[in-house]
Amino acid sequence: MEMAGKVTLLLWGAQTTQLLVEPPWRPAVLWDRVTLTCQGSGTASDTTWYKDGRSWWPNGPENVSVTYSGTYRCYRPGSGLSPPVIVSNDWLVLPVPVQMQQ
């Protein structure tokens with residue numbers, strides 16, 4: 001099973017809520033079919049989603065497919081609020097190495 005783009009971080013002490021983005025580009029772009037996954041302690045059905053600072057989906061699922069640009073966060077009662085993730089509607093420009101012609 002391939003786990004490209006996913007990293008597991010082990011912390012001693014308090015667990016924090018994490019928001020995973022697939023595909024793992026930063027910033028995430030809508031034309032690339034963005035899926036957000038909320039990871040934290042507690043039950044997945046206790047996930048609350050926030051978009052642009054406002055409650056968007058209380059008691060939502062652990063995974064959501066995003067169709068609008070904005071700043072997303074999720075909350076799990078046992079581990080708190082995730083860091084924000086920005087989803088953009090802009091084009092993503094990836095740097096490519098220059099190849100010299102001989």
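Once a ≥ b ≥ c are taken as the square roots of the eigenvalues of the Cα gyration tensor of the range 18-88, is the result rounded (a/c under 1.5), prolate (a/b larger than b/c) or oblate (a/b not larger than b/c)?
Working: a/c = 1.88, a/b = 1.67, b/c = 1.13.
Because a/c hits 1.5 or more and a/b exceeds b/c, the range 18-88 counts as prolate.
So what is the relative contact order of the range 18-88, in percent, for Cα pairs below 8 Å that sit 6 or more residues apart? If you can, show how the numbers build up before the last one.
Numbers: 164 pairs, mean separation 25.6, N = 71.
Relative CO of the range 18-88 lands at 36 percent.
The numbers here are math on the coordinates, done by the rules we state, and not lab data. Treat the numbers as computed from the prediction; the structure is a model and nothing was measured.
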